[in-house]
Amino acid sequence: MPDQEQTRHAEDRSPPEPEQPPSPQTTPQDPEAGEQEPTPGPGSPEVAELEDRWLRALADLDNLRKRNARDLLREREAERAKVAAAFLPVVDNLELALAHAGADDPGAIVGGVRAVRDQAIEVLRSLGYPRHEETGVPFRPEQHEVVSVVDDPDTAPGTVVQVLRPGYGEPGRQLRPAAVAVSRKQE
């Protein structure tokens with residue numbers, strides 16, 4: 001009997017075993033819920049299939065990100081080439097004007113430079129950035145930048161009286177706002 005007592009005392013001194021939650025397959029059923037199918041365990045084929053599908057979805061997402069990054073670079077380069085090609089005739093005409101700079105008629109040179117400027121403005125307009133340099137219109141902060149305020153009794157306060165530098169583009173999509181002088185309120 002002494003051996004049995006030693007064994008019993010040794011068992012009493014062993015650390016208690018942690019409580020294990022019941023396995024999903026042996027979960028007690030709610031009698032009113034009806035029979036439920038057992039939940040698949042960690043090594044089951046259903047879990048392996050879901051893990052495989054998840055890993056494939058992650059790989060597909062990574063491939064999509066890489067493809068979109070490549071496509072974005074390609075599209076940016078194509079747009080840059082389109083804009084540069086649109087300006088090539090402007091450069092050609094400027095070179096032509098410079099070649100005729102020694103001509104006897106300075107008025108023809110000035111007319112040629114004006115034509116090149118008009119051509120450049122048209123290129124900007126075709127790219128979606130029309131020029132705006134209107135006077136007599138109300139000041140709009142999304143389209144104008146005030147660089148000067150003047151007293152002008154003939155105009156309403158907050159009216160653009162002079163455009164010092166034209167703007168290009170529309171509100172919300174501008175290359176730059178127009179630099180303007182605005183009339184102030186008379187005191």
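Restricting the search to segment 142-158, which residues are assigned to a strand (DSSP E or B) and either surrounded by 18 or more Cβ atoms within 10 Å (Cβ to Cβ) or among the acidic types (Asp, Glu) (or both)?
Residues satisfying the conditions are 144, 145.
Take the residues in segment 159-175 that are outside any loop (DSSP other than H, G, I, E, B) and out of contact with any strand residue (DSSP E or B) (no Cβ under 6 Å at 6 or more places or on another chain), then tell me which one is least open to solvent (accessible area, probe 1.4 Å).
Only one residue fits best here, namely 174.
How do the pairs read when you match residues in segment 37-52 that are of a type in the set (Asp, Glu) with residues anywhere that are open to solvent by less than 100 Å² (accessible area, probe 1.4 Å) and modelled with pLDDT under 70, using Cβ under 8 Å and keeping only pairs 6 or more apart or on different chains?
46/40
Just the residues that are surrounded by 15 or more Cβ atoms within 10 Å (Cβ to Cβ) and out of contact with any Gly (no Cβ under 6 Å at 6 or more places or on another chain), please, taken from segment 91-112.
93, 94, 109, 112
Please count how many residues of segment 104-118 are aliphatic (A, V, I, L, M) and over 37 Å from the mean Cα position of the chain (by Cα).
Residues meeting the conditions: 4.
Mind checking which pairs have a first residue in segment 116-145 that is at positive phi and a second that is in a loop (DSSP other than H, G, I, E, B), Cβ under 9 Å, 6 or more apart or different chains?
Matching pairs, first to second residue: 136/155.
The values are calculated or read from the model by the stated rules, or taken from the named source; none is laboratory data. Small disclaimer: the values here were computed from a predicted structure and weren't measured. With ideal geometry, Cβ positions are generated from the backbone for all residues, glycine too; neighbour counts draw on all protein chains shown. Remember, those area values only see protein heavy atoms, side chains included, never the ligands or the DNA or RNA. Shrake-Rupley method; radii C 1.70, N 1.55, O 1.52, S 1.80 Å.
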